[in-house]
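**Q** Before I ask anything, here is the structure I am working with.
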Amino acid sequence: MKKLLLFIAVLSLVGCMKKEVKFGDENLELKGTKLYYKGKLFTGVVTQEVPFTDKVIKIEYTKGVIKTEK
């Protein structure tokens with residue numbers, strides 16, 4: 001029983017983690033105004049390194065739409 005509860009806890013943590021995908025990943029697809037990853041609406045962060053700098057641009061998406069702060 002303890003093993004089952006531990007397994008469920010770990011599985012729920014892994015399922016809640018946000019995906020981080022690099023810009024240009026072949027699995028990313030923009031359809032209209034929505035971003036898809038492997039055919040599903042993307043929730044997570046798209047990253048892109050800025051050439052000749054050490055900066056990384058990060059854009060957060062929720063259900064295929066850029067997340068905006070309220």
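**Q** If segment 19-70 were replaced by its equivalent ellipsoid, with semi-axes equal to the square roots of 5 times the Cα gyration tensor eigenvalues, what would those be, largest first, whole Å?
**A** Ellipsoid half-lengths, sorted descending, are 20, 14, 8 Å.
**Q** Hey, what did segment 19-70 get for relative contact order, percent, Cα under 8 Å, at least 6 apart?
**A** 31 percent
**Q** Need the full-extension length gain, residue 19 to residue 58, defined as separation in residues times 0.36 nm minus the C-alpha distance. One decimal, nm.
**A** Details: separation 39, 0.36 × 39 = 14.04 nm, distance 1.19 nm.
Stretched fully, the residue 19-residue 58 segment lengthens by 12.8 nm.
The numbers here are math on the coordinates, done by the rules we state, and not lab data. Given the structure is predicted, the values throughout are model-derived calculations rather than measurements.
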